[in-house]
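A quick write-up on the structure given underneath.
The values are calculated or read from the model by the stated rules, or taken from the named source; none is laboratory data. These numbers were taken from a predicted model, which means no experiment stands behind them. Cβ sites come from the backbone with ideal geometry, for glycine too, and all protein chains shown count toward neighbours. Accessible surface is based on the protein model in full, side chains and every heavy atom, while ligands, DNA and RNA are left aside. Shrake-Rupley method; radii C 1.70, N 1.55, O 1.52, S 1.80 Å.
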There are 2 protein chains.
Amino acid sequence: MPELLDFCVTRTDGRARLGRLSTPHGAVQTPAFMPVGTSGAVKAVTHRDLLGVGAEIILANTYHLFLRPGDQLIASLGGLHRFVGWSGPILTDSGGYQVFSLGGRRTVSEDGVCFRSHIDGTEHLLSPERATEVQARLGADIAMAFDECTPYPVEKDEARRSMELTGRWARRSRDRFLELKGQGEGGAMTNGQQAQFGIVQGGVYPDLRAESVAEMLEIGFDGYAIGGLSVGEPTGLMHEVAGETTDRLPADRPRYLMGVGMPDDLVEMVGCGIDMFDCVLPTRNARNGQLFTRTGPINIKGARYASDERPLDSECTCYTCQHFSRAYLRHLYLAREITASTLNTLHNLHFYLDTMRRIGEAIMLGTFESFRQGFRQTYSRRPQSV
Amino acid sequence: MPELLDFCVTRTDGRARLGRLSTPHGAVQTPAFMPVGTSGAVKAVTHRDLLGVGAEIILANTYHLFLRPGDQLIASLGGLHRFVGWSGPILTDSGGYQVFSLGGRRTVSEDGVCFRSHIDGTEHLLSPERATEVQARLGADIAMAFDECTPYPVEKDEARRSMELTGRWARRSRDRFLELKGQGEGGAMTNGQQAQFGIVQGGVYPDLRAESVAEMLEIGFDGYAIGGLSVGEPTGLMHEVAGETTDRLPADRPRYLMGVGMPDDLVEMVGCGIDMFDCVLPTRNARNGQLFTRTGPINIKGARYASDERPLDSECTCYTCQHFSRAYLRHLYLAREITASTLNTLHNLHFYLDTMRRIGEAIMLGTFESFRQGFRQTYSRRPQSV
């Protein structure tokens, strides 16, 4: 067994934790939010913009990079960090989620998933071994075991079948990972210190989640992720399932809730002991003109903002809020200017990362619970008409 | 007559000039290249990016801003500088060029041009008075007289008719401008120190250009622009006409060659005494994957760049060249990532502005002619296969 990824919890406040995740490309303070850099770029912003808003780690999608430009090419150019020019920590997902959400005409077998590329229709197979090899070539600091992600709602029988398959795939992913690791950096692994996380599945069924956790712990990973949530289930149910599952995860390993979520989800889930998050919401919604503020989202295209000279959020210290009015942002959005996507993305990412900073501060001060209460009272998911 | 815009030539080298243009929003070193910020944003970059590549003045399109969000709205929000959040110098064009290139079903009369918006088909009139009023409301530091831009080729009779119309329109533009100026900043003029340039037309006919220059000088403007070039005529002819026309313009006033051009055009035209340029080439071509280097343009989508680890231009000090490989830029372009447009635009603008800096340096050192010769030998317009 290789040495586990270095992670230490530096402070707790209730179930909320402050921690430090050390990777070959630097440390990350947790709880952390990872901006999504699908194809090796966080859409509409540059890496220096990301550093400017305080991003410490980014996520890249194995599915996208596997199809274009290809993991072999990236490995031949020295791996993902060097290829994309981001020298900080990177996590790659397993490709599983995109295979199910983007891949065409897929067939799932015990071996893996056969699917067609959403780009050119070519047929590909991703199996636990293949997904592990692809990620080993990409060389991110954290790789994910290959999993099947169930939709919502799903019958319990189907959720069990899928959870069990994910368990067997996790074991194969881990075996292949350790094999590659054994070959060292000269082999098929671009980043000799890559870590690997397992993914807990089981839908919204607590007993299935518990079984899945047990299986993952038995296999043993550097960290544990909760997958298959935020796929359409009610928010309360998601919080419940994620919370119960988190309680079963070991305290000394990082816990990552995949694809979540809304700003209030982050606060609630840190309150249940989650350390890491990723989500396309801040970036995707930015491009669609939905901007986050402390009281809730704003749809910037609204006529009410046509001559609104105020910044998006008067308390926000991001570049966008420090320099531009709602009226200008609305104009750029309606004129379909690319710069609208950039300014909006900068703001939304700043909002997410600042929320994480505020969460961390509250944990540090031992005031997380009152922060959480305050956030619930102040923040609404409903589009604001202010 | 208001005081003329402050402009002084600080050094000459042959016909090439180094100068300083003082505006209410700061000084501009000339020769200057103005990035085009069509709707109040230079496409795909932020203002801080622009400052980073050394832009000192930007151009905004009157036609676009008139249609959306409207000059009245912008005036009510304090004018263009405040609305777009750019505190440096801004020049607005007259709207004439876009009316002819973008406006639908237009009818030209002595009064002005009736046209349909390319956005929603609504009918609008731009006349010399109207274009002057719109620009006065926008409040840029430099406004342009309303002109008719002839295509190429055009018969001499038609070129004469159009040039004479532009002359009458220039007089009406100037009259209205001085009238508004007389009313002061409390009136319809957002920027009380706005200057106005006249535009010389006359197609590729030297005698018509000479007549147009005489007319503009008689009217008297703060500066003089050469319009109606780079509309399809051969490069040599363009250089010839622009050069001859420039020789007729007064030495103590800024000379602006509109819509030009390729990097080698900039060098040649500074050599003829031009002080100011604008062009969409660096920004538009960036979005289409054409990137400028010292030896010529590169089409980044080329398969030859798939695994090319080199920067676009090894001598370039821009953010893009300092951090990213051709392979990555090609990947981002093919993946249609917005960030591709941003990184490419940053590079192309840096290339243009750096070319202007190198030109200025050569004039300062009295070595412009050898710089020009060197540029001709090194730079080719043909896409490079390096």
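Summary of values
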read-out: Conditions (1) open to solvent by 30 Å² or more (accessible area, probe 1.4 Å); (2) out of contact with any helix residue (DSSP H, G or I) (no Cβ under 8 Å at 6 or more places or on another chain): number failed by residue A:301; value: (2)
read-out: Pair list, Cβ < 8 Å and 6+ apart or interchain, from the stretch B:357-369 residues that are hydroxyl-bearing (Ser, Thr, Tyr) to residues that are surrounded by 13 or more Cβ atoms within 10 Å (Cβ to Cβ); value: B:367/B:13
read-out: Residue that is farthest from the other protein chains (Cβ to nearest Cβ) [pool: residues in the stretch A:307-320 that are open to solvent by 10 Å² or more (accessible area, probe 1.4 Å) and under 16 Å from residue A:294 (Cβ atoms)]; value: A:315
read-out: Residue match in the stretch B:196-211 (condition: over 18 Å from residue B:159 (Cα atoms), buried (at least 17 other Cβ atoms within 10 Å of the Cβ) and either without any contact (Cβ under 8 Å) to a residue 24 or more places away in the chain or not hydroxyl-bearing (Ser, Thr, Tyr) (or both)); value: yes
read-out: Residues of the stretch A:145-183 satisfying the condition of being assigned to a helix (DSSP H, G or I), free of Cβ contacts under 8 Å to residues at least 60 places away in the same chain and touching a Pro at 6+ places or on another chain (Cβ under 7 Å); value: A:169, A:172, A:176
read-out: Helices (runs of 4 or more DSSP H) fully within the stretch B:1-117 counting 1 or more residues that are among the polar types (S, T, N, Q), over 19 Å from the mean Cα position of the chain (by Cα) and within 13 Å of chain A (Cβ to nearest Cβ); value: B:71-76
read-out: Answer from A:231, A:200 - the residue that is aliphatic (A, V, I, L, M) and touching a Phe, Trp or Tyr at 6+ places or on another chain (Cβ under 6 Å); value: A:231
read-out: Failed item, numbered, when residue A:328 is tested on (1) more than 14 Å from chain B (Cβ to nearest Cβ); (2) more than 23 Å from the chain's Cα centre (by Cα); (3) part of a helix (DSSP H, G or I); value: (1)
read-out: Search result, residues across the stretch A:212-230 that are open to solvent by 40 Å² or more (accessible area, probe 1.4 Å) and under 20 Å from the mean Cα position of the chain (by Cα); value: A:230
read-out: Subset of the stretch A:286-306 that is assigned to a helix (DSSP H, G or I) and more than 9 Å from chain B (Cβ to nearest Cβ) - its residue that is nearest to residue A:224 (Cα to Cα); value: A:286
read-out: Matching residues in the stretch B:100-115 - criterion: being surrounded by fewer than 15 Cβ atoms within 10 Å (Cβ to Cβ) and of a type in the set (Gly, Ala, Ser); value: B:101, B:104, B:109
read-out: Residue in the stretch A:4-17 that is free of Cβ contacts under 8 Å to residues at least 60 places away in the same chain and open to solvent by less than 40 Å² (accessible area, probe 1.4 Å) present; value: no
read-out: Cross-chain or 6+ apart pairs with Cβ under 9 Å, the stretch A:96-121 first and more than 12 Å from residue A:64 (Cα to Cα), then open to solvent by 70 Å² or more (accessible area, probe 1.4 Å) and polar (S, T, N, Q); value: A:113/A:107; A:114/A:107; A:115/A:107
read-out: Restricting the stretch A:128-146 to residues that are open to solvent by 10 Å² or more (accessible area, probe 1.4 Å) and not basic (Lys, Arg), the residue that is nearest to residue A:82 (Cα to Cα); value: A:133
read-out: Residue that is least open to solvent (accessible area, probe 1.4 Å), among those in the stretch A:147-160 that are in contact with a helix residue (DSSP H, G or I) (Cβ under 7 Å, 6 or more places away or on another chain) and of a type in the set (A, V, I, L, M, F, W, C); value: A:159
read-out: Residue within the stretch A:228-239 that is under 26 Å from residue A:172 (Cα atoms) and touching a Pro at 6+ places or on another chain (Cβ under 8 Å) present; value: yes
read-out: Residues located in the stretch B:116-127, provided they are within 23 Å of residue B:197 (Cβ to Cβ) and open to solvent by less than 40 Å² (accessible area, probe 1.4 Å); value: B:126, B:127
read-out: Matching entry among A:329, A:334, A:346, A:312 (being within 20 Å of residue B:36 (Cα to Cα) and in contact with a helix residue (DSSP H, G or I) (Cβ under 8 Å, 6 or more places away or on another chain)); value: A:329
read-out: Count of residues meeting criterion [within 7 Å of chain A (Cβ to nearest Cβ), open to solvent by 10 Å² or more (accessible area, probe 1.4 Å) and in a helix (DSSP H, G or I)] in the stretch B:335-362; value: 2
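Matching residues to (1) surrounded by fewer than 20 Cβ atoms within 10 Å (Cβ to Cβ); (2) out of contact with any Phe, Trp or Tyr (no Cβ under 9 Å at 6 or more places or on another chain):
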{"site": "A:257", "(1), (2)": "no, no"}
{"site": "A:264", "(1), (2)": "yes, no"}
{"site": "A:267", "(1), (2)": "no, no"}
{"site": "A:271", "(1), (2)": "no, no"}
{"site": "A:277", "(1), (2)": "no, no"}
{"site": "A:280", "(1), (2)": "yes, yes"}
{"site": "A:285", "(1), (2)": "yes, no"}
{"site": "A:291", "(1), (2)": "no, no"}
